[in-house]
1. Restricting to segment 11-39, what's the tally of residues that are exposed (fewer than 12 other Cβ atoms within 10 Å of the Cβ) and in a loop (DSSP other than H, G, I, E, B)?
2. State yes or no: is VAL42 open to solvent by 70 Å² or more (accessible area, probe 1.4 Å), touching a strand residue (DSSP E or B) at 6+ places or on another chain (Cβ under 6 Å) and part of a loop (DSSP other than H, G, I, E, B)?
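The values are calculated or read from the model by the stated rules, or taken from the named source; none is laboratory data. A quick note: this is a predicted structure, and the numbers were derived from the prediction, not measured. All Cβ positions, even for glycine, are placed from backbone atoms using ideal geometry, and neighbour counts span all protein chains on display. For accessibility, only protein heavy atoms count, side chains too; no ligands or nucleic acids. Shrake-Rupley method; radii C 1.70, N 1.55, O 1.52, S 1.80 Å.
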Amino acid sequence: MLVLSRQRDESIMIGDDVEIIIVDVRGDKVRLGITAPKNIPVHRREIYDAIQREKNENKESKEPRNKKPETEPPGESEKSH
């Protein structure tokens, strides 16, 4: 993890397209401004985690629950020997 110190109105660049600006510092709260292309989603961590949980729940609900494994008809395995 890279740890940087920044003051108000200073910024950090991530690649060529993402800029994080320190907008304000009040006590133990830091306000950030983030400039990023529209194709790069930007979320607070708790929102990102909720989105990932929802994606996993939707994925699991779409998977068949009691799908029986495909089996050969009776006697088919004997014919191949």
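1. Residues meeting the conditions: 8.
2. On the way: open to solvent by 70 Å² or more (accessible area, probe 1.4 Å): yes; touching a strand residue (DSSP E or B) at 6+ places or on another chain (Cβ under 6 Å): yes; part of a loop (DSSP other than H, G, I, E, B): yes.
Here the answer is yes, as VAL42 does meet what is asked.
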